[in-house]
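Have a look at the structure below before the remarks.
The values are calculated or read from the model by the stated rules, or taken from the named source; none is laboratory data. Nothing here was measured: the structure is a model prediction, and the numbers come from that model. Here the Cβ positions follow ideal geometry from the backbone for every residue, glycine too, while neighbour counts run over all protein chains shown. Areas reflect the complete protein model, heavy atoms only, side chains present, ligands, DNA and RNA absent. Shrake-Rupley method; radii C 1.70, N 1.55, O 1.52, S 1.80 Å.
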Amino acid sequence: MPRKLTFRQLLLSILALRYDVSQKEIGARAGIPEANVSYYLSRERRRDMKEDAFERMLAAVPCPPAAVKVVSACLEALEALEKEGLTAEEQAVIEEAVLDTGRMVREALTESVRRSRSSKPVGYPDADDLDLDRARAEELFSRLVKLPEEIRLAVVRVAEEYQSWALCEKVCAVSSGEASRSVERAAAWARLAEEIAERVRGPEHWRSRIQGYAVAHGANVLRVAGDLKASETAFERAKHLWLGGSDPGVVLDPGRLLDLEASLRRDQRRLGEALFLLDEAAAVGRHPERALLKKGFTLEVLGDYERAVETLLQADPLVRRGGDTRLLYMLRFNLAVNYCHLGRYREASELVQEVRDLVLDRGDENEILRVNWLEGRIAAGLGRSGEARKLLGEVRRAFGLRGMSYDVALALLEEAVLLLEEGRSAEVKALAGELAQVFEDKGVHREALAALRLFHEAAEHEEATAELARRVLRFLFRARYDQGLRFNL
């Protein structure tokens, strides 16, 4: 059976055929005798050719560098067919999909590079062009969102059209929006934003400012992922770039870094600093409603529910004017939660239908569950115990199926309060057995576990009281976002 040609032999032979170069011409250009060239490319040669000879012969073929990559990719795909262990039909489907993707990517990159050649020189953004630049960024983003992350990065690296401040701003916003849904997707968009920022053209003071803006969004993803130390380091770099640059026309939101840093300070339990930053962000930023929402939540973490309600009501007309349904949902949901903390259940009940409508439009199943939990809590506060236990029991089981242990504990304690008020301690004992799932969850921090174990032990001995359940519940609400808080009897 004839010996197969090696990868290098095939590569040289295909390129020579495609670009119509004879072995004699290759030898003359490479300084290698024609007979040696023939031997190098023959099946009789037992060993692969040396690196020097291969490089010299490859350079002798008059083809563009991209041709080498194209043929290499084709040969690698053929080799993969022999190693995958798939059926012929499976291989055909896979390769067809790979080819379709390759065509789409080639077309996207080719169009982008061609368009970039005709783009005007870029400096600091002109005030008259901001709306046009942002509209163009929306169009470019609609193309990027269809591509895998690696291809997005490739597009940004080769096509100047995608190296714009407005696209960086858009991608940062998307990363921020994804942070509450998928840390992985948020991180991917943050990486792309930094890639774009590195390539934005214009004066150095502007480039530094846009880079700081992008790095801050990467720091925000690290915060959401729980890596506060890395987030702190990234924020320091972001602030250095931001403050080292300038944006005389205030193109970028001057409050954005402030409210992102405030979220980090809140998670670090530096709540006073967080409130100070949010006040500044509300004063100078383009979106004071976002800063006020965060301030309301920070006040809730502090247990200052009255001020939290005041702040959220202050944000309400701004949020409605902005038309962002996600922010409106957060506002109305948090306002209803704070009303419940204050025992103002009637006011909370007046909000809950609007909250449900908003969350159903968004289609987020976890948010729908939390609205069900809120309705259960309101029903309990209004004295509708049977309805409350039914709702709370359903959401507790649903939270458990999703591994949302902290939410399981909150719903369970709400149920326990109702049962203990009716003297049904035996049922509470059985219910408390479900806390075993919570105890095993490494995401529930030590102080919260200590409080829950104290309640569990009391329930096991049928000594738990409604007041104990309420105290543990109140502690869990605050300790969820303030893990340094201590539980004291």
Going by average Cβ neighbours within 10 Å, how do the peptides 458-469, 408-419, 168-179 rank, with the highest at the top? 408-419, 168-179, 458-469
Looking at the calculated P(r) for the stretch 1-71, what percent of the C-alpha pair distances fall above 17 Å? 37
In debye to the nearest 20, how big a dipole does the chain give about its Cα centre with +1 on each Lys and Arg Cβ and -1 on each Asp and Glu Cβ? 1080
Remind me, what semi-axes does the stretch 202-324 give for its equivalent ellipsoid, largest first in whole Å, using sqrt of 5 times each Cα gyration tensor eigenvalue? 26, 19, 10
In nm, the gap between the two label points placed 7 Å beyond Cα toward Cβ at Ala230 and Val70 is 4.0
Under a Cβ-only charge scheme (Lys and Arg +1, Asp and Glu -1), can you give me the dipole magnitude of the stretch 179-319 about the Cα centre, in debye to the nearest 20? 400
Mind ordering 333-340, 31-38, 126-133 by average Cβ neighbours within 10 Å, highest first? 333-340, 31-38, 126-133
Between Asp279 and Ala426, what FRET efficiency follows from the Cβ-Cβ distance if R0 is 60 Å, with the result rounded to 0.05? 0.75
Glu44 versus Ser385, label points 7 Å from Cα toward the beta carbon: distance in nm? 10.0
Tensor-based shape of the chain (alpha-carbon gyration tensor, a/c under 1.5 rounded, otherwise prolate or oblate): prolate
Here the residues of the stretch 284-318 lying in the modelled label zone of Asn488, meaning backbone nitrogen under 19 Å from a point 7 Å along Cα-to-Cβ, are 302-304
For the chain, which whole percent of the accessible surface, found with a 1.4 angstrom probe, sits on carbon and sulfur atoms? 52
Say each of Val98 and Glu460 gets a label point 7 Å from the Cα, pointing the same way as Cα to Cβ; how far apart are those two points in nm? 5.8
Per the Cauchy relation, a quarter of the hull surface: what is the mean projected area of the convex hull of the alpha carbons in the stretch 376-419, in nm²? 2.5
Mean projection of the alpha-carbon convex hull of the stretch 379-489 over all orientations, in nm²? 6.3
With a 1.4 Å probe and every protein chain left in place, work out the accessible area per residue of the chain in Å², rounded to a whole number. 51
Going by average Cβ density within 10 Å per residue, which order do the peptides 212-225, 11-24, 258-271 take, highest to lowest? 212-225, 258-271, 11-24
